[in-house]
Amino acid sequence: MTDLAALFSPFGLGTLTLPNRIVMAPMTRLRAPGSIPATAVADYYAQRATAGLIISESIMISDTSAAYMNAPGLFADEHIDPWRRVTDAVHMRGGRIFAQLWHSGRVGHSSLQPDGKPPLAPSAIAGEGTIHTVSGRQPLSVPRALSLAEVAGVTRAFGKAAARARAAGFDGLELHGAYGYLIDQFLQDRSNRRTDEYGGSLENRLRFLLGVVTACQQEYGRDVGVKLSPANRTYGMGDSDPVGTFSYIANKLDELDLAYLHFMEPFPEDIAVGCKISSVTPMARRWCRGPIIANGGFDMERAVTTIAAGQADLVSFGRSFIANPDLVDRFLAGIPCADADPATVYWIPEAPLERGYTDYLPHK
């Protein structure tokens, strides 16, 4: 088998058989006014259905998980039919799509929360950076620490969102445990200073994620994956022992018969601020035996090399899929990729919603 053939060989993932090892990574696109996916969202994902697997953008599991305006939800029954249009469109093109379930935790602003209340987090420690609000960019609000009852409530909310995802026709779930959002905030000791059963030891800090996995596997069984970013410092994240922490986490998750673990490489800015991990993918294979999706700065050549070396089973591509709905065909034919317009990655409500979203054309 040639290296290129390895990238385009089938792969068994959970209960699915994927036709290739190319995954469309979850990407925030903010085309959901009032948390309802716009009609164009179905066209957007269907255009990219030749990917072995599509992972949706982050989907809010409750109205307290809003970090960005116009992000989509699955926290109410009114979200089911709009997402059903999306999954039907993908399936009509022969594709497969997982829903990425998400709670932003402390990444947000009180103006985006119900009744203007503070965001929720493991501990009352504000994240670093700013976020876009109706009044322009604002520093992240200081969050309120979740009570034990509220932790249980958020766990149940993940399970309810999973049930709605099932009703909407998603083939599986990815739990967003990366990039400084709520699950990640519980995992890392810089953001989790709790002294109860959800803080302190590694076992305790992992408890929330394990509870969420259990709630979601009740709906989807083996078709649940988890996304992790051991090296990421976004929004002021960090851990005193990232290698020890994430090797432990990956090892424990590996026991749960998940569809996959999705590992993110560090960004250059992570390295610049003293990230202790220079490359995640080579270590991830030592941490777990189950399927691995690698992500972060991959082009086709690097993806081929990584899979051929056995360091990952699949590779996810983000920005490459924005301007190249036919990315899989371009890889096969050796056609260069088009560049995305950075000004239209996120929707500006004054502009047409389709601009920079569904108007990228396949190669001729």
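A few points about this structure:
- Residues of segment 61-77 that turn out to be assigned to a loop (DSSP other than H, G, I, E, B) and open to solvent by less than 10 Å² (accessible area, probe 1.4 Å), as a count: 6
- Looking only at residues of segment 1-22 that are in contact with a Phe, Trp or Tyr (Cβ under 7 Å, 6 or more places away or on another chain) and of a type outside the set (Lys, Arg), we find that the one that is surrounded by the fewest Cβ atoms within 10 Å (Cβ to Cβ) is Asn20.
- Residue match in segment 121-144 (condition: in contact with a strand residue (DSSP E or B) (Cβ under 7 Å, 6 or more places away or on another chain), open to solvent by 10 Å² or more (accessible area, probe 1.4 Å) and assigned to a helix (DSSP H, G or I)): no
- Screening segment 212-227 for residues that are outside any loop (DSSP other than H, G, I, E, B) and touching an Asp or Glu at 6+ places or on another chain (Cβ under 8 Å) and picking the one that is nearest to Gln138 (Cα to Cα) gives Lys227.
- Between Ser229, Ser247, Ser278, the distinction of being surrounded by fewer than 17 Cβ atoms within 10 Å (Cβ to Cβ) and either under 21 Å from Val23 (Cα atoms) or of a type in the set (Ser, Thr, Tyr) (or both) belongs to Ser278 only.
- Any pair with Cβ under 6 angstrom, 6 or more apart, that starts in segment 323-336 at a residue that is more than 15 Å from Val304 (Cα to Cα) and in contact (Cβ under 8 Å) with a residue 24 or more places away in the chain and ends at one that is open to solvent by 50 Å² or more (accessible area, probe 1.4 Å) and hydrophobic (A, V, I, L, M, F, W, C): Asn324/Cys337
- Evaluated against (1) in contact with an Asp or Glu (Cβ under 6 Å, 6 or more places away or on another chain); (2) more than 30 Å from Ala89 (Cβ to Cβ), Ala145 falls short on exactly one condition, (1).
- The condition of being farther than 30 Å from Glu128 by Cβ and at pLDDT below 95 holds for only one of Pro342, Pro291, Pro362, that being Pro362.
- Some residue of segment 190-211 being open to solvent by 10 Å² or more (accessible area, probe 1.4 Å) and assigned to a strand (DSSP E or B): no
The values are calculated or read from the model by the stated rules, or taken from the named source; none is laboratory data. No experiment lies behind these values; they were computed from the predicted model shown. All Cβ positions, glycine included, derive from the backbone under ideal geometry; neighbour counts span all protein chains shown. Please note that ligands, DNA and RNA were not included when accessible areas were found on the heavy atoms of the full protein model with its side chains. Shrake-Rupley method; radii C 1.70, N 1.55, O 1.52, S 1.80 Å.
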